[in-house]
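The values are calculated or read from the model by the stated rules, or taken from the named source; none is laboratory data. Remember, it's a predicted structure, so these values are computed and weren't measured experimentally. Glycine also receives a Cβ, built like all others from the backbone with ideal geometry; neighbour counts cover every protein chain displayed.
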Amino acid sequence: MNSIPRKLIVTHHAPDLDAITSVWLLKRFDSQRYASAKVAFVNPGDTISLEEAEKEFNCQLHEITHVDTGLGEFDHHQTERASKEICAATLVFDYLKEVRPEIVDDFALKEIVKIVVDVDHFGEIDWPEAKESRFVFTLHELIHGHESVEPHNDDSQLHFGMSALDCAYAEMTNRLKAEEIIQTKGVEFEIGEGKCLGLETQNDETIKLAQVKGYVLAVRKDSEYGHIRIKVRPDASFNLEKLYQAIKEIDQKATWFYHASGKMLLNGSIKHRNQIASSISLQGIIHLIQKLYK
């Protein structure tokens, strides 16, 4: 595909996760060619006619890219491709890796495309969550639900999915960074209840991931602003009441919130503005935790 900016991306009506991801990949990661491109919708398998392209979108065929329809470069419904573990999104991703080689190392993007192709080949029926009601909260299910909420509104469905993919990409990036931070910067320590983890980082995903990994308590001190967040696994047999009472005595100027569950002690949240950061160091809070929970 040449470097001519594209005025139009064409996909099918009621765009599914594969179609939406394909459009999203082009517009977000080949913005020089596609950022300002409009999106048109056709029946599955069809292409847009030159007459309609000229009349409705003022463009010629060489300025149009079809995805997940039309049996072209970014469609996978041809007989010779049908049995392969590919989809429109993987084809677009392969193209992007050629025009932007640095994307090869974008592991968050790789994971998203991997999930999309699995869904497009109905591989999600084997996911552990598939039998649970919470499976409805997965993105491809929500996109399907959008068809009932706003039937025949292709543009709305596309933008809903693209906004969700922006969020998924940001969260996937944070999660992968959190994994790296835990491995390289995590400070393990012990209390009577088990292993804990201390971190000095701005990445708040590290606390949740630490709990997923089995740490009974995780404490994070913001490396830039100094706020401290402490969380205990929900299934742990202890709470943070003792720690809260101690901190109120030694850190009176800071703004602390003790959650009613007893499992969270927070000195910083995007939900609460203008909080005063704690002056306690990460090593200081770890020492206090070990002292109180021997």
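Which residue pairs have Cβ atoms under 8 Å apart, sit 6 or more places apart or on different chains, and have a first residue in the range 79-103 that is in contact (Cβ under 8 Å) with a residue 60 or more places away in the chain and buried (at least 22 other Cβ atoms within 10 Å of the Cβ) and a second that is of a type in the set (A, V, I, L, M) and not in a helix (DSSP H, G or I)?
Within 8 Å, the pairs are Ala88/Val67; Val92/Val67.
On the basis of being surrounded by 14 or more Cβ atoms within 10 Å (Cβ to Cβ) and within 23 Å of Ala168 (Cα to Cα), does Val23 make the cut? So that I can check it myself, show each step before the final result.
Values: surrounded by 14 or more Cβ atoms within 10 Å (Cβ to Cβ): yes; within 23 Å of Ala168 (Cα to Cα): yes.
Against the criterion (surrounded by 14 or more Cβ atoms within 10 Å (Cβ to Cβ) and within 23 Å of Ala168 (Cα to Cα)), Val23 qualifies.
Considering only residues that are touching a helix residue (DSSP H, G or I) at 6+ places or on another chain (Cβ under 8 Å) and not hydrophobic (A, V, I, L, M, F, W, C), which ones fall in the range 235-266?
Of everything in the range 235-266, those that are touching a helix residue (DSSP H, G or I) at 6+ places or on another chain (Cβ under 8 Å) and not hydrophobic (A, V, I, L, M, F, W, C) turn out to be Lys242, Tyr258, Gly262.
For residues that are of a type in the set (Lys, Arg) and within 23 Å of Ile115 (Cβ to Cβ), scanning just the range 134-192, find the one that is surrounded by the fewest Cβ atoms within 10 Å (Cβ to Cβ).
Ranking the qualifying residues of the range 134-192, first place goes to Arg134.
Restrict the check to the range 248-256 and report whether at least one residue is basic (Lys, Arg), closer than 24 Å to Asn174 by Cα and touching a residue at least 24 places away in the same chain (Cβ under 8 Å).
No: the range 248-256 contains no residue that is basic (Lys, Arg), closer than 24 Å to Asn174 by Cα and touching a residue at least 24 places away in the same chain (Cβ under 8 Å).
What's the number of the only condition in (1) at pLDDT 95 or above; (2) farther than 16 Å from Leu26 by Cα that Pro101 fails to meet?
Against the list (1) at pLDDT 95 or above; (2) farther than 16 Å from Leu26 by Cα, Pro101 comes up short only on (2).
Go through Ile143, Ile191, Ile103, Ile125 for me and flag whichever is assigned by TED's automatic domain parsing to the domain that holds Gln211 and farther than 19 Å from Lys208 by Cβ.
Sole residue among the options that is assigned by TED's automatic domain parsing to the domain that holds Gln211 and farther than 19 Å from Lys208 by Cβ: Ile191.
When you go through His77, His66 one by one, which is the residue that is over 24 Å from the mean Cα position of the chain (by Cα) and part of a loop (DSSP other than H, G, I, E, B)?
The unique qualifying residue is His77.
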